[in-house]
1. What fraction of the Cα pairs in segment 368-452, stated in percent, has a spacing above 18 angstrom?
2. What are the extents of the Cα atoms of segment 217-376 along their three principal axes, listed from largest to smallest and rounded to whole Å?
3. Run the quick spin-label model on residue 170 and residue 311: label points 7 Å from Cα toward the beta carbon, then report their separation in nm to one decimal.
4. Between residue 277 and residue 248, with labels modelled 7 Å along Cα→Cβ, what's the label distance in nm to one decimal, could you check?
5. With no solvent and one equal point scatterer placed on each C-alpha of segment 296-353, evaluate the Debye formula and give log10 I(q)/I(0) for q = 0.13, 0.18 Å⁻¹, two decimals.
6. Can you give the % of DSSP beta bridges in the chain that are antiparallel, to the nearest 5?
7. So in segment 2-250, what percent of DSSP beta bridges are antiparallel if you round to the nearest 5?
8. From the C-alpha coordinates alone, can you work out the Kirkwood hydrodynamic radius of segment 15-65, in Å?
């Protein structure tokens, strides 16, 4: 099922599925009101929706009703159908709102320190709709966060600026950081709205966050004291905003059995839980095998089958067979291009496969990026420039895509811009990124800085 901004895969009834897709569109449109009434970023979000938490529990040992992840081509929400109810938001709905807010804010705030990213998403997760009316309520306090800071206090801004990762943090530390970030954002928006808006504008221009904050709040004294008064008095603004028209177009098609098993394989691999990597792989391979029995040319199943193969020649053979069987699948052509690259295939054939993939999926940021990177490798920045620029417009918080764009800018002689974009790429790297990959991006930044210094004669 496809709506204007969501691609939904579900086992809900057709009527319930269409309603859920439209509710997602409504929620997205409401969240956008935090920025501008005309703001409408490109791209789509993938959603996998199971009928109930019990069905989602099959893939995990924890009772959850939803989580957020990253799919093959962008953001992915996984949830149960009964967790996404409009009105007074449930804890599960707030999780989805929080993650959707992260995705949407990436199109506006091009550089985000963690406390701003989490604080702003937490501010937006309390959104709800006023009864059956077309009015959106923004700015309500998140109850557990407000209760936490009143009971346990909060972190200083200096402490929050140092927050870089959640890996290895205890549950109590996470609660403290999240609650404190939400409190500071809520306070600054309500009490120092003009300065906070200026700060957001600077982040939107990709200025260095700490210097941007100091410039925006220059002259404002005793922020910490003002925050204490704010918590004590409990005076804050709640905004009631009319909801603009929401897209209502929905296209529906029935999933075949092979596609269902491919989705189940993906859920086996990514759903939170204590299963080991090997256990997840074994379960996923069983689902893939069943999918291929039902349809040996199912694109999603063959893609997963190829992902598990360690033999480059086998991956290439699978990809060649797939494009023969599914010549109109952009995903199949992208898979062929990747297999050719890994196996040392000819540059001409790689380019042809990437061009065909882009023709079939012109809004796929990953495909655009892969073609741009191919041209970077052949030192042809003229061909890469518009491709990389379009990929960034579709996925402004993807480190790999920003890294490609920075390389294109560097090859094109735009030194200051390449530095700015490469720093953004490092900013948005997920904390689970291996240190080796982080080092690659840092080495490129170091290379650009040295070259820019030689060109300008001074440190940029």
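1. Percentage above 18 Å: 36.
2. Largest to smallest, the principal-axis extents are 67, 39, 38 Å.
3. 5.1 nm
4. 5.0 nm
5. -0.26, -0.50
6. Numbers: 14 of 24 bridges.
Restricted to the chain, the bridges split so that about 60 percent are antiparallel.
7. So the antiparallel bridges amount to about 55 percent of the total.
8. Taking the inverse mean of 1/r over all distinct Cα pairs, segment 15-65 comes out at 13.3 Å.
Only the coordinates and a few stated rules stand behind these numbers; no lab work does. Model, not experiment: these values are computed from the prediction. Using ideal geometry, Cβ is built from the backbone for each residue, glycine included, and neighbour counts are taken over all protein chains shown.
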